[in-house]
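S.K.: Quick one: this structure, given as structure tokens, is what I'll be asking you about.
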Amino acid sequence: MPNFPVAFGQQMQSILGEDYHAFIRSLDSDAPVSIRHNQFKFNPFKDGNPVPWCKEALYLPSRPEFSKDPFWHAGCYYVQESASMFIGNIVQQLITEIENPIVLDSCAAPGGKSTHLSSVLHENGLLVSNEVIKTRAHILQENCTKWGLNNVVITNNDPSHFSKVKSFFDILVVDAPCSGEGLFRKQPESVSEWSESAVEFCSNRQKRILEDLWPSLKPGGFLVYSTCTYNKPENEDNLRWLSKQYDVGSVEIKIEPEWNIDFKKQANLSTFRFYPHKTNSEGLFVTVVQKLEQSDYKNFTHLKNPYFHKINKEDFARLQEIIKSENIFLKQQPNGMVNLLPESFYEEIEFLATRLKVIYCGTPIAEVKGKDIIPMQGAANSIYLNQENFNQSDLDLDKAQKFLARQDFDCDAEIGINLVTFNSVPLGWIKKMPNRINNYFPQEWRLRNN
Ligand code: SAM
């Protein structure tokens, strides 16, 4: 067990009372390993105990070497801490009453919750997934591309920039940067970063984030606020601050008693806590409130100068072969890249592009270069890929890992562009030449230490 600061022990004793010793003991046990399957792709896991609050998720008996598994690179599953999957469950409950929901995941990298929310929203909703730190925004982009749905817009903005999109989102998810007490078992190094002043710093930063983002939530919309920490300054105190500052109401979220989530209703507001001695997970705090204030702010929009261009008929006919979607909606960027967009949210996407730093949207499926149409990685990972329309080369494990590591390998393939697959699951593209293979797997994504 890591050596905890005395102040942390005292704090946990005052929160947990009698349960304190069970909590401390649980930190000596192994952290569970859980994955969430992508229900639109092949499922490589058949055995494992279910995660009670997420129907696509399993606890695995041991930790496989995920980074060498081609199915992981293909977006068939995401390795995610089980408590975090509760956010997807909550959003699933909230959207039952909302037509065409637009959700902001405001602190989104590396993308555990965003990939989940993208599946929850599927063809009914739009997810705006934001990450302020540029390098982390690229990891988020990689994970969302691999996941393969086309309902995500990724932005790389500071929370304060969202003042430009007032009353826009139906649901605002704030999975706030925090002092990480709930991860002490999984990441013991975070213990040495903990201090009372770090907690205070995090709490103030969380208030700032909430204050910046609040105007972007529609009247009647929902805030889902979470941290992976237990202390009150970052959780209840912020909730209290929020309800003094703004007009907020409570929201009913259904949970089952056997899930063992610690549920409290204080001053009409609900809080949920996951503790490792009660749920098979790390620590998490969640609360959900509704925005009651009214606003007569009217959003947008007439598309005067759209960012995306129409595609000419000839190119469209050829591009259409890549994708099997019934409602195929393709638009071209000024640089020639073609994106598969969710048609019902096209205006919203154009609007966002005028206000925020959009770095990714829909699925980039191809590049038009003169007469050539070059399929992109996003097409290989897309759940809408028309796989039968391509020459395919199925690789064994060793060759699949070499492909993912961008190392040399040989394979049977037709001359020209081929989709490479592993057990028929698409991994990416190669161009077979008479005497070599060009590997189009993105350099920045390559499997290292193969
Ligand atoms: N939601 C993510 C997931 O499920 O994979 C985890 C998010 S993590 C708890 C918090 C994120 O907030 C980090 O990606 C971090 O870079 C970002 N962050 C850090 N400082 C921030 C700030 N001042 N405003 C907004 N986000 C910030």
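S.K.: Condition first: surrounded by fewer than 24 Cβ atoms within 10 Å (Cβ to Cβ) and either in contact with a strand residue (DSSP E or B) (Cβ under 8 Å, 6 or more places away or on another chain) or aromatic (F, W, Y) (or both). Now tell me which residues in the stretch 108-120 satisfy that.
M.R.: G112, S119
S.K.: I would also like to ask the following. Are any residues in the stretch 32-71 in contact (Cβ under 8 Å) with a residue 40 or more places away in the chain, in a strand (DSSP E or B) and small (G, A, S), and if so, which ones?
M.R.: S34
S.K.: Here's another thing I want to ask about it. Quick one: I35 ticks every box in (1) open to solvent by 30 Å² or more (accessible area, probe 1.4 Å); (2) at pLDDT 95 or above; (3) under 29 Å from the mean Cα position of the chain (by Cα) except a single one, so which number is it?
M.R.: Only one criterion in (1) open to solvent by 30 Å² or more (accessible area, probe 1.4 Å); (2) at pLDDT 95 or above; (3) under 29 Å from the mean Cα position of the chain (by Cα) is unmet by I35, namely (1).
S.K.: Turning to a different aspect of this structure: Scan the stretch 74-103 for residues that are open to solvent by 10 Å² or more (accessible area, probe 1.4 Å), of a type outside the set (D, E), in contact (Cβ under 8 Å) with a residue 60 or more places away in the chain and within 12 Å of the ligand (Cβ to nearest atom) and jot them down.
M.R.: Correct list: Y78, S84.
S.K.: Moving to a separate point now. In the stretch 79-110, what count of residues is obtained for those that are in a loop (DSSP other than H, G, I, E, B) and of a type outside the set (D, E)?
M.R.: In the first step, residues of the stretch 79-110 are kept if they are in a loop (DSSP other than H, G, I, E, B); the result is 80-81, 98-101, 106-110.
Still in the running and of a type outside the set (D, E): 80, 98, 100-101, 106-110.
Summing the residues that are in a loop (DSSP other than H, G, I, E, B) and of a type outside the set (D, E) in the stretch 79-110 gives 9.
S.K.: Can I ask one more? Can you tell me which residue is nearest to F168 (Cα to Cα) among those in the stretch 191-234 that are of a type in the set (G, A, S) and either more than 16 Å from the ligand (Cβ to nearest atom) or surrounded by fewer than 19 Cβ atoms within 10 Å (Cβ to Cβ) (or both)?
M.R.: Of everything passing the filter in the stretch 191-234, G221 is nearest to F168 (Cα to Cα).
S.K.: Return only the number of the condition from (1) touching a helix residue (DSSP H, G or I) at 6+ places or on another chain (Cβ under 6 Å); (2) away from the ligand (no atom under 12 Å from the Cβ); (3) farther than 16 Å from Y360 by Cα; (4) open to solvent by 10 Å² or more (accessible area, probe 1.4 Å) that E142 does not satisfy.
M.R.: It fails just one condition, (3).
S.K.: Within the stretch 421-445, track down each residue that is under 19 Å from W147 (Cβ atoms) and not polar (S, T, N, Q).
M.R.: Scanning the stretch 421-445 gives F422, V425, P426, L427, G428, W429, F441, P442, E444, W445.
S.K.: Tell me, which strands (runs of 3 or more DSSP E) wholly within the stretch 148-252 include 2 or more residues that are closer than 22 Å to T115 by Cα, touching a residue at least 60 places away in the same chain (Cβ under 8 Å) and not hydroxyl-bearing (S, T, Y)?
M.R.: Passing ranges, in order: 152-155, 169-175, 217-227.
S.K.: (1) within 13 Å of the ligand (Cβ to nearest atom); (2) under 20 Å from I253 (Cα atoms): which one isn't true of S106, the others all being true?
M.R.: Looking at each condition in turn, S106 falls short on (2).
S.K.: Which residues, taken from the stretch 147-173, are buried (at least 23 other Cβ atoms within 10 Å of the Cβ) and within 15 Å of the ligand (Cβ to nearest atom)?
M.R.: W147, V152, I154, T155, F162, I171, L172, V173
S.K.: Looking at the structure I just gave you, is L427 among the hydrophobic types (A, V, I, L, M, F, W, C), open to solvent by less than 40 Å² (accessible area, probe 1.4 Å) and assigned to a strand (DSSP E or B)?
M.R.: Judged against the criteria, L427 is a match.
S.K.: Checking the condition closer than 30 Å to K313 by Cβ, among the polar types (S, T, N, Q) and either assigned to a helix (DSSP H, G or I) or open to solvent by less than 10 Å² (accessible area, probe 1.4 Å) (or both), which residue from T354, T421 passes? Before the answer, list the steps.
M.R.: On the way: T421 fails: closer than 30 Å to K313 by Cβ.
Answer to the selection: T354.
S.K.: Take the conditions open to solvent by 30 Å² or more (accessible area, probe 1.4 Å) and touching a Pro at 6+ places or on another chain (Cβ under 9 Å) and apply them to Q407. Does it pass?
M.R.: Criteria not met by Q407.
S.K.: Do you know which residues across the stretch 111-134 are assigned to a helix (DSSP H, G or I) and within 9 Å of the ligand (Cβ to nearest atom)?
M.R.: Answer for the stretch 111-134, where residues must be assigned to a helix (DSSP H, G or I) and within 9 Å of the ligand (Cβ to nearest atom): G112, K113, S114, T115, H116.
S.K.: Identify, by number, the condition in (1) away from the ligand (no atom under 16 Å from the Cβ); (2) open to solvent by less than 50 Å² (accessible area, probe 1.4 Å) that R63 doesn't meet.
M.R.: It fails just one condition, (2).
The values are calculated or read from the model by the stated rules, or taken from the named source; none is laboratory data. Keep in mind it's a predicted model, so treat the numbers as computed, not measured. As a convention, Cβ positions derive from the backbone with ideal geometry for all residues, glycine included, and neighbour counts pool all protein chains shown. Note: areas computed on protein heavy atoms with side chains; ligands, DNA, RNA excluded. Shrake-Rupley method; radii C 1.70, N 1.55, O 1.52, S 1.80 Å.
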